[in-house]
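The values are calculated or read from the model by the stated rules, or taken from the named source; none is laboratory data. Quick caveat, the model's predicted, so the values are computed rather than measured. Note: ideal-geometry Cβ built from the backbone for every residue, glycine included; neighbour counts use all protein chains shown.
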Amino acid sequence: MAAMSLMGIRCGAQMVRQLKHWVVYAKTDITAGSKGITAFIIEKGMPGFSTAQKLDKLGMRGSDTCELVFENCFVPQENVLGEEGKGVYVMMSGLDLERLVLAGGPIGLMQACLDVVLPYVRQREQFGRPIGEFQFLQGKMADMYTSLQSSRSFVYSVARDCDNGKVDRKDCAGVILFAAERATQVALEAIQCLGGNGYINEYPTGRLLRDAKLFEIGAGTSEIRRMIIGRELFKED
């Protein structure tokens, strides 16, 4: 295909200040639906390409997220990734593994929640004893621990299969679905274990909850993941 000129705004690109190259998907044939999307490699400093305001996110605030702005951005033919009109295939080719890799984030967040809660319940006392001795709190800790361990085992199992060349779309969607929703619940339980202190920003539990929520949205929402799993199961004999 010939060189092209891009116009428009791409919202929500991550790590903009640190990166020098982006893969951008643009509509090159407005009449062809999903077959009219092409993938391009965009380089920092290209004429017509700029970044706009940093977006004020709920969580993951350590990762800059900005808008990418294209104003007659000239993209040479050699910067086309794959074939014209095959951008969806480029995007989908790595999406299964992206979901698997991202599932490691919720595992880290669940571990971080336990790292906050366990020292707290050992040190905090009520009625002359550590609150970690109370049965209802032990139940919450048990739920948090089993959510972490089951998610970790699921992710490691699917990762092992992928390393062996057995990439299963429903499993890759399943690990991020399960781990992400467990992480949000574990973060809520961590806040509950700390009581009023869990609602104060001097403790990290609020940040952990805000960070966890992103994993239910990025790389396909929980609803999309359920749809993928259901569709793949329906197709099986």
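Regarding Arg225, is this residue exposed (fewer than 14 other Cβ atoms within 10 Å of the Cβ), of a type in the set (D, E, K, R) and within 18 Å of Glu98 (Cβ to Cβ)? Against the criterion (exposed (fewer than 14 other Cβ atoms within 10 Å of the Cβ), of a type in the set (D, E, K, R) and within 18 Å of Glu98 (Cβ to Cβ)), Arg225 does not qualify.
Of everything listed in (1) out of contact with any strand residue (DSSP E or B) (no Cβ under 8 Å at 6 or more places or on another chain); (2) modelled with pLDDT of 95 or more; (3) over 22 Å from Cys162 (Cβ atoms), the single unmet condition for Pro106 is (3). Of Asp163, Asp211, all but one fail to be in contact with a Gly (Cβ under 6 Å, 6 or more places away or on another chain) and charged (D, E, K, R); the exception is Asp211. Once the stretch 186-203 is narrowed to residues that are of a type outside the set (A, V, I, L, M, F, W, C) and surrounded by fewer than 16 Cβ atoms within 10 Å (Cβ to Cβ), the residue that is farthest from Arg124 (Cα to Cα) is Asn201. Taken over the stretch 184-211, the criterion of being over 19 Å from the mean Cα position of the chain (by Cα) and not aliphatic (A, V, I, L, M) is satisfied by Glu189, Gln192, Cys193, Gly195, Gly196, Asn197, Gly198, Tyr199, Asn201, Glu202, Tyr203, Pro204.
Starting from residues that are over 25 Å from Pro119 (Cβ atoms) and in contact (Cβ under 8 Å) with a residue 12 or more places away in the chain, keep the ones in the stretch 133-167 and report whichever is surrounded by the fewest Cβ atoms within 10 Å (Cβ to Cβ). Residue satisfying both the conditions and the ranking: Val167. Pairs linking a residue in the stretch 210-237 that is at negative phi and assigned by TED's automatic domain parsing to the domain that holds Thr184 to a residue that is buried (at least 17 other Cβ atoms within 10 Å of the Cβ) and of a type in the set (S, T, N, Q), with Cβ atoms under 7 Å and 6 or more positions apart or on different chains, are Ala212/Thr184; Lys213/Thr184; Glu216/Thr184; Glu216/Ser222. Within the stretch 103-130, residues that are farther than 9 Å from Val186 by Cβ have Cβ atoms under 8 Å from residues that are hydroxyl-bearing (Ser, Thr, Tyr) and assigned to a helix (DSSP H, G or I) in these pairs: Ala103/Ser151; Ile107/Ser151; Val116/Thr205, counting only partners at least 6 apart in sequence or on another chain.
Of all the listed residues (Ile131, Ile107, Ile176), the sole one being at negative phi and in contact with a Ser or Thr (Cβ under 6 Å, 6 or more places away or on another chain) is Ile107. Scanning the stretch 197-206 for any residue that is assigned to a loop (DSSP other than H, G, I, E, B), farther than 17 Å from Gly105 by Cα, hydroxyl-bearing (Ser, Thr, Tyr) and in the same structural domain as Arg124 (by TED's automatic domain parsing) turns up at least one such residue. In summary, strands (runs of 3 or more DSSP E) completely within the stretch 1-62 and bearing 2 or more residues that are surrounded by 13 or more Cβ atoms within 10 Å (Cβ to Cβ) and aliphatic (A, V, I, L, M) occur at 4-14, 21-27, 37-43.
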